[in-house]
Every structure is written in structure tokens, then in C-alpha cells.
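Report on the structure given below.
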Amino acid sequence: MIMASKFIIGTKGRMTQVFSENGEASAATVISATPMTVTQVKTVETDGYLAMQLASGDRKPKNIAKPQLGHFKDLGNFRFVRETREGEMKEKGTKIDVSVFNPGDVVAVSAISKGKGFQGVVKRHGFHGGPRSHGQKNKERSPGSIGGAGRAGGRVSKGQRMAGRMGGTRVTVRNLRILQVDATSNTIVISGAVPGKPGTLVEIRG
């Protein structure tokens, strides 16, 4: 678990460049993070642990399940709901926006990575492939032998790296730095690349 004192959710936007005072360019990602609302505070007495439930975004009431509408009550019609156990617990109804972060803060960003479908071992695991000479024809990107394992019959070992589905998993990138914070447009500019495609929901912890 990443221990954090600051937390916000947003959606990944475009990538851009940010120039430092001495003219150095850095790749950066723009994150749009609308203010979050504390919709529930869980306590040890009632729930067995201490946590905050945070919600953001907006959607039509007809697209929200009735139990969720009753849970949100008059706080709003939210699209995204997340829970965090880190940081200072706030009261229900409290708003949290991008101003909790400052330029220079080091953060960790979690999101679902891009799905790349079914891929071979060269793309998925970085295999080098076979030699390009000595009669090699159409097996350059093949995985090679998968049996063996020191047993008669050539059993395939558990965890053998093979072709399969790639991407579409939760990825956390640590040690990224906040470059800019704009509370007016609810945007955060983070150094480097973050997982996912534009529009992906991201969680920022600092």
C-alpha cells in the first residue's frame, strides 16, 4: 500500500512539454481533476476500519442505481467513486480539489494501462527472436522450446513466458513530480507519462 497524505482522482488528458527556468524541456501529462466530495466517512466502530469515500464527475440520475442515489442524497450525481485510507479524514460533504497539491510534490499515479490484445513473446516479454541466418525462414519471432524443465516428458513449467493478452491491467507509476497546478481549470500537469489512454480514470497519491 502506498502511504499518502494527499489523494485525488481525475482523467488523463493530452501530453505536452513544460520548459523550466533554464530552458530545459520535460515531457508532461495533463490531468483533469474536478473537485471531489466526501460522500462517506468509515470508522472503526461502524465499519471495522478508517477510510473516506470520495466521489467526483457528473452523470444523469437515470443512469445511477437507486441505492447509489439514496447514498449520495443531495450531495450530487457522481460518476466515479473511490475510497482511500490514507491522509487526514474529512467530514462528509467536504470538497477536495487540485489545490491540495503543490508544484514540486512527488506523487504516484495509478490507472488501467492500454489494452494491446493478444501479443507474441517478442512484444509481450521482450524476447529477441531467432537468428536471421542459417536457413531461418518464418520462425524469427517464435518462442522456442517450452518443454523440458528437467523432467521426462517435457512438462511445461509454471509461469512459462508465452504469448497471451497484454495490457489492460492496473499499473502504478511512482516518483512522478507535479509541475503545475491550476485550480481555476482543475488541471494538474505531471512530469512524464502516466498509464492509460486519454480519458482514463487516474488516481493521484502524494
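Rule-based calculations on the coordinates, nothing more; no lab input. Given the structure is predicted, the values throughout are model-derived calculations rather than measurements. Don't worry about glycine lacking a Cβ; one is built from the backbone with ideal geometry, like all the others, and counts go over all protein chains shown.
Evaluate E = 1/(1 + (r/R0)^6) for LYS137 and ARG177, where r is the Cβ-Cβ distance and R0 equals 45 Å; express this FRET efficiency to the nearest 0.05.
The calculated FRET efficiency here is 0.35.
So how much slack lies between PHE19 and SER32, counting 0.36 nm per residue of separation and subtracting their Cα-Cα distance, in nm?
The PHE19-SER32 span can extend by a further 2.7 nm.
Hey, fewest Cβ within 10 Å first, where do THR94, THR34 land in order?
THR94, THR34
How much mean residue ellipticity at 222 nm does the chain get from its helices, if each DSSP H run of length 4 or more adds -39500 (n - 2.57) and you divide by all residues, to the nearest 500 deg cm²/dmol?
-1500 deg cm²/dmol
Would you calculate the separation in nanometres between label points at GLU45 and LYS114, each defined as 7 Å from the Cα along the Cα-to-beta-carbon direction?
My value for the distance between the label points is 5.1 nm.
Bin width 10 Å, origin at 0, all Cα-Cα pairs of the chain: what percent of pairs per bin?
So the P(r) values, bin by bin, are 8, 24, 25, 18, 14, 9, 2, 0.
Would any residue of the range 34-53 have its amide N under 16 Å from a label point 7 Å out along Cα→Cβ of ARG85? List them or say none.
Counting only backbone N, you get 41-53.
Of all GluC sites (Glu not before Pro) in the range 74-157, which ones are in loop regions per DSSP and have a Cβ with at most 14 other Cβ atoms within 10 Å?
Those that pass, being in a loop and sparsely packed, are GLU88, GLU91, GLU140.
How large is the charge dipole for the chain, taken about the Cα centre, if only the Cβ atoms of Lys, Arg (+1) and Asp, Glu (-1) carry charge, to the nearest 20 debye?
1600 debye
Which of the chymotrypsin sites (Phe, Trp or Tyr not before Pro) found in the range 1-71 are loop residues per DSSP with 10 or fewer other Cβ atoms within 10 Å of their Cβ?
Passing both the DSSP loop test and the Cβ count: TYR49.
Which of VAL109, VAL181, VAL18 has the fewest other C-beta atoms within 10 Å, and how do the rest follow up to the most?
VAL18, VAL181, VAL109
Could you calculate the contour length gain from SER99 to VAL122, that is, 0.36 nm times the residue separation minus the distance between their Cα atoms, to one decimal place in nm?
3.9 nm
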